[in-house]
Every structure is written in structure tokens, then in C-alpha cells.
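Undergrad: First the structure, which I've put down as C-alpha cells, then a few questions once you've had a look.
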Amino acid sequence: MHRAAEDANVSTPDISFVNEAINHQRQMASSFESHMSDLTRLHAQQMATHSRENRVELERLANLQAEADKKARMAEQALSGLRDVQEEDRARLARIAETQEVVHNHIDSSTINSTTHLDNQNQHNQVLQLVSSHGHNFAEFMNQQNLNQAEMMRMLQEHVRRIQAPVIHLIPQGGGGEPGPM
């Protein structure tokens, strides 16, 4: 073969070099297969770990959502009870006003009156306004402090009582006399 290659003026490969290259290639292929199996195993472990972490995180999120739903239900129940108590108070105050022949106007927090009945109604309206504006926060506070609805209402009424509204003095038409607080 070597002679035929020389006669044709074609170079011949060195067989020992070719054998060495083939052996080296076989060793590299075996090493590459081992490396690929290690990578495959490592990838499977990482995927299993990610799957476990995802499952744990999803369970944690589901528990947080369930807790938030529970708090929302408790807040709604607390507000429902507060609204019932407020409606009963409003009806009671309306009955008292009817028996005393007091003209009942809808009084909000911007109206200041000097009579005890109307002051109480004003305070009650301020409490209603607070509950309407901040009901969810009050429900969370009640839950944190383990308060019932009656205790929360007393706290709100006391808060409104402590905050003094401005007193507006009106001068009666026709002059004379000291202006009285309204």
C-alpha cells in the first residue's frame, strides 16, 4: 500500500498516528458520555429541587390567601354587626326625638348643635363616618386586640367625644343679648 501510494505520487497516512488518534477519540468519547450522564443527573436533581421549592411556595401562598380570606370574612362580619348596632342606635335616637317633638334633620360631622340630644347624634354620625371610612382597618384592629363589637363602638365613641368640634356662635336677628353657642 505504501509502494502503490508512492507510485501514484499520493501521500500515505502514518498508521501509528491514525491509531493514536482513534484511541484518543475513544477515550474522549467515553469521558464525554460520562460527563453527559453527570450533567443529565445534575439537571434532574435541579429540576426536582425547583419543583419542590415551587410546590412549597405555592402552598405558602395558598395558606396566605386563605388567611387573607378568613380576615376579610371576619372584617365583614364585624362590620355587619357594627352596622346593625348603628342602625339600632339610629332607630332608638329617632324614637327619642319623636317623643320629644324634636325635628330630626340629617346631621353630619360638619353640623354643630348645643343640645345634648343633637350632640349625641352628631357624635354618633361621626362614629358612623369613621366606620364607613376606615371599617376594614377597625376590623383588623379588633382582630389584633381581641375586641368585640361593643368594645370597639365604645372606643370609637370615646374617641369622638374627646375630639372637640369647633363651636360656632350665631348672633340672633334683631340684635340684643349674648350670642349662644350652637
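Undergrad: Once phi is turned into θ = phi - 60°, what whole-Hz ³J(HN,Hα) does the Karplus curve with 6.51, -1.76 and 1.60 give for every residue of segment 45-55, x standing for Gly and Pro?
TA: 5, 5, 5, 5, 5, 4, 4, 4, 4, 4, 5
Undergrad: Can you list the HN-Hα couplings for segment 143-150, worked out from phi with the Karplus curve (6.51, -1.76, 1.60; θ = phi - 60°), rounded to whole Hz and with x for Gly and Pro?
TA: Ordered by residue, 3J(HN,Hα) equals 5, 5, 8, 6, 9, 8, 5, 5 Hz.
Undergrad: Can you tell me how much longer the chain between A150 and A97 gets when fully stretched, taken as 0.36 nm per residue apart minus their C-alpha distance, in nm with one decimal? Can you show the working numbers first?
TA: Values: separation 53, 0.36 × 53 = 19.08 nm, distance 2.34 nm.
Value of the extension gain: 16.7 nm.
All of the numbers you see were taken from the coordinates with simple rules; none came from a lab. What you are looking at is a predicted structure, and each value in this text was computed from that prediction instead of being measured.
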